[in-house]
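Quick note: the coordinates plus some simple rules give every number you see, no bench work behind them. Fair warning: this is a prediction, and the values are worked out from it, not measured in the lab. Heads up, the Cβs are rebuilt from the backbone with ideal geometry, glycines too, and the neighbour counts pull from every protein chain shown.
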Amino acid sequence: MKYTVPRGTKDILPTEIGDWQYVENIARSIFDLYHFEEIRTPIFESSSLFNRVIGEESDIVQKEMYTFTDKGGRDLSLRPEGTAPVARAYISNNIGRTGTHNKLYYMGPMFRYERPQAGRYRQFHQIGLESIGSEHPFSDAEVIALCYRLFTAIGLKNVKIYINSVGSETCRPVIEARLKQFLSSNLTKLSENLQKKYKNNPLKLLDSKDKDLQTYLSGLPDLRTALSQKSKDHFNMVLEYLDSLQIPFEYKPTLVRGLDYYTETVFEVVSDDLGAQNSICGGGRYNNLIKNIGGPSVPAVGFAFGLERIMLLLQQQNIDVPKSKELIYVAPLGNNHAMASIKIAESLRSLGINTVLEYGRFELNPHIKRANKLNATHMVLLGDQESESGTVQVKNMDKRTQDTVSVSDLKSYFSELKVSNHV
Ligand code: HAM
């Protein structure tokens, strides 16, 4: 039997991993800049957590969860997103006990049973953050600014930030009523599915791709007028902060998110270079989520982006991912030099320099071939002549130069190189 990778998943190979680590490292360093700290939660949680947080009516809960019963009869699901687990962990560990603002980030696989296509997987990877404990509009602006800084640092081009407000739980029924009233004369012309949305979650109609519905929606009055004064003020302050930080964004009144927990600000980062799955990042404020699952009443805002889509953009936009630093290839030119070569390799490693030594290869040409294949920056060659004089040949693979270096000076030769590589 031939085993294949499960549909909608992929292996991330050593040839690709440099791109992943590049993005992960930039994300970590930017999270540090804003003092976000990492949290790691389990890959599965009780199904009821997701049902409650994401919403019984949502596509994710209705169709996309990997749900199973464990041997103890527990109803569990692989996490389809990171916000619910982080909120659960925040409560379980009483993270907010000191009453401070908690800034958490996470990275890892998420699972949704969706129809696979370019940029859409059943196991995909998110990097996300949750800023828990502040209602201040600056908190919304800060996470959007961080997000913008992150994508800029990665080198992404032509990304757009769309932003909208869905209001608080008190303005939501008003917005929904306005929308329903506006569409009521065309209701019977809508498909059964859209009519169901009209009834259960009318805001979801706003971003529907249905052509007829889009026509009916044209001329929809600005729904911001349905927001309470408090929500309007909050949204306007977020926009003002973003303006003053010179973060480019576009107000998009039809922006609603696929998850039900949002209140007030919602945002999305998209790229036209991605085709149908053009959303790189989604997020927003969720002031009631933690209270709704039995925690304290704490406001929060966050976002998550999909790594697979960022990888596609790195390729599509030809973004230059810096190659890893030096790699020294130690090449014994004869079995009798193997022991000395191992010692050299170990002494280089003790300097923190990445070093590779291949066994069973003692001729120059195969060594050079292999060193090139591994993208080694230098070769250290040790043959009879060198052995007699207590030296080695150091070949710089880029510059195509070669130095004779005494074994006792090798450490200082490469420590200088290491210093210059790291500045
Ligand atoms: P989301 O919009 O469902 O939000 O997902 C965020 C990002 O994950 C998307 O923009 C996309 O890049 C990526 N993504 C989602 N589904 C897939 C898939 N099937 N294949 C590949 N990539 C995918 C959330 O998950 C919220 N928890 C974000 C958040 C955090 N809101 C507040 N805090």
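Here are some notes:
- With all projection directions averaged, the alpha carbon convex hull of region 107-234 covers 10.7 nm².
- Rounded Å value of the spacing that divides the Cα centres of region 332-358 and region 69-131: 44 Å
- Checking every one of the chymotrypsin sites (Phe, Trp or Tyr not before Pro) in region 1-55 against DSSP loop status and a limit of 16 other Cβ atoms within 10 Å picks out Y3, Y34.
- Evaluated at q = 0.11, 0.18, 0.21 Å⁻¹: base-10 log I(q)/I(0), Debye formula over Cα of region 81-172: -0.46, -1.16, -1.31
- Across every direction, the projection of the convex hull enclosing the Cα atoms of region 268-423 has a mean area of 15.5 nm².
- Potential extension, Q229-E38 segment - 0.36 nm per residue separation minus Cα distance: 65.2 nm
- On Cα atoms only, tilt of 364-373 relative to the major axis of the chain in degrees: 10 degrees
- Cβ-based charge dipole, the chain, positive-most Cα from F249, Q214, Y162: Q214
- Rounded to the nearest 20 debye, dipole of the chain from Cβ charges on Lys, Arg, Asp, Glu: 1000 debye
- Alpha-carbon geometry of region 301-362: the Rg and the Dmax are 19.7, 64 Å, given in that order.
- Sorted largest first, the spans of the alpha carbon positions of region 1-121 along the three principal axes are 55, 40, 28 Å.
- Relative contact order for the chain, counting Cα pairs under 8 Å that sit 6 or more residues apart, in percent: 15 percent
- Computed over region 338-412, the ratio Rg/Rh where both radii use C-alpha atoms and Rh is Kirkwood: 0.92
- Only Lys, Arg (+1) and Asp, Glu (-1) charged, at Cβ; region 321-423 dipole about Cα centre in debye: 480 debye
- Every helix of 4 or more DSSP H residues in the chain counts as -39500 (n - 2.57), and over all residues that averages to -11000 deg cm²/dmol at 222 nm.
- Dipole of the chain [Lys/Arg +1, Asp/Glu -1 at C-beta], most positive-end residue of V380, T355, Q117: Q117
- Contact order for region 327-376, expressed relative to its length and based on alpha carbon pairs under 8 Å spaced 6+ residues apart, stands at 49 percent.
- For the chain, the normalised intensity computed at q = 0.12, 0.13 Å⁻¹ comes to -1.01, -1.13 (log10 of I(q)/I(0), Debye sum over alpha carbons, equal scatterers, no solvent).
- On Cα atoms only, tilt of 14-33 relative to the major axis of the chain in degrees: 60 degrees
- C-alpha long axis of helix 307-316 to longest principal axis of the chain, angle in °: 70 degrees
- Between the listed residues S29, G334, G306, the Cα displaced farthest toward the positive end of the dipole of the chain, a dipole computed from Cβ unit charges relative to the Cα centre, is found at G306.
- Filtered GluC sites (Glu not before Pro), region 362-407: DSSP coil and at most 14 other beta carbons within 10 Å: E363
- Cα convex hull, region 196-257: 113 Å³ per residue, rounded to a whole number.
- In the distance distribution for region 196-322, Cα-Cα pairs more than 26 Å apart total 35 percent.
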